[in-house]
Amino acid sequence: MDDSYLKRCDTKVRGIQGDLVTFESTVLHPLSGGVANDLGNVSCHGTSYDVIDVGEDKVTGDVIHALSKTPSFKIGDAAEIALDWERRYALMKLHTAAHILSSIMYGKYGALVTGGHIEPDVAKDDFNIERADKQLFEGVIDEVNAVASKTIEVKVYYLPRDRALEIPGIIKLADRLPPESGELRIVEIVGRDIQADGGPHVRDTSEIGNVVLLRVENKGKNRKRVYYRIKD
């Protein structure tokens, strides 16, 4: 939540239920806000376990690690968690690009995000815009790349919930508000965008690379879907 570049951590086992394990701390991010979960590896007592899925307990907030096999370790044992960095970094770049895209769509067309999902190799977003064709999104992607061509800082910090919600455009999701918590995590692309958000991002826009428009789909009235990726 505070440093998307942490690749490993030492921790202790907190809970075990079959092949589902929780730890006192982790560097793996669960599926959240449309961003695919991390993958990685857990090492304990000389045995290695692949982490094949990462989720979140919606009641407790615990991050749940699904392991490739039932663990032989026990609660309280020391463990090391390592992140699949290549996957995470791809998600970070596309996620930051998605914020730039949504800020342009909101600023130019008043369009909000009605759905979306980010995988390491492709992202998709739905916007509540009535008329939009490929040419419109080609122009928007060009604007995204203009921002990505500069070294603009991406800041992560926290604000009291009430204060954050007073900021115009802080929420770019249609019909959805942030969690009812005392403070919100804020992601700010300095001078370009500010959003309440919980996922991992790059430190500055120059890390994104070149964004490529794949296709645009008409999903019905006031719902246009755009697919995009980072050029290899």
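Nothing in this text is a laboratory measurement; each read-out follows from the coordinates by a stated rule. Owing to the predicted nature of the structure, the values given are computational and were not obtained by experimental measurement. Don't worry about glycine lacking a Cβ; one is built from the backbone with ideal geometry, like all the others, and counts go over all protein chains shown.
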- Task: Mind jotting down the distance between the C-alpha centroids of the range 183-232 and the range 67-144, whole Å?
- Result: 6
- Item | Order by protection proxy (mean Cβ within 10 Å, highest first), peptides 25-31, 164-170 | 25-31, 164-170
- Item | All lysines inside 22 Å of K231 as judged from Cα atoms, apart from same-chain residues fewer than 8 positions distant | K93, K124, K134, K150
- Item | Top of F23, F73, F137 by mean-square fluctuation, Gaussian network on the chain, Cα under 10 Å | F73
- Query: Along the charge dipole of the range 88-230, which of A148, L136, A196 sits closest to the positive end, that is, farthest toward it, with unit charges on the beta carbon of Lys, Arg, Asp and Glu (+1, +1, -1, -1)?
  - Reply: L136
- Message: Expected output is a single nm value to one decimal: the length gained when fully extending between D77 and D232, i.e. 0.36 nm times separation in residues minus the C-alpha distance. What is it?
- Response: 51.7 nm
- Taking only Cα atoms, what is the 0 to 90° angle, nearest 10, from helix 134-148's long axis to the longest principal axis of the chain? 60
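What Kirkwood Rh does the range 88-230 have if only Cα atoms enter the pairwise 1/r average? Answer in Å.
Hydrodynamic radius (Kirkwood, Cα only) of the range 88-230 equals 15.2 Å.
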- Pairing the Cα long axis of helix 85-109 with the longest principal axis of the chain, what angle in degrees results, from 0 to 90 and rounded to the nearest 10? 30
- Item | Distant-in-sequence amide H partners of L173 (H built 1.01 Å from N, under 5 Å) | V113
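Just want the ordering: V42, V59, V113, from fewest to most Cβ atoms lying within 10 Å of their own Cβ.
V59, V113, V42
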- Non-local amide H neighbours of L214 (under 5 Å, H modeled in plane, Pro and chain starts lacking H): which ones? Y227, Y228, R229
- Add -39500 (n - 2.57) for each DSSP H run of 4 or more in the chain, then divide by its residues: what number comes out at 222 nm, to the nearest 500 deg cm²/dmol? -6000 deg cm²/dmol
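Could you give the dipole magnitude of the range 114-196 about its Cα centre, charging the beta-carbon of Lys and Arg +1 and that of Asp and Glu -1, in debye to the nearest 20?
Dipole about the Cα centre, nearest 20: 220 debye.
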- Over the range 1-131, calculate the relative contact order: mean separation of alpha carbon pairs under 8 Å at least 6 apart, over the residue count, as a percent. 24
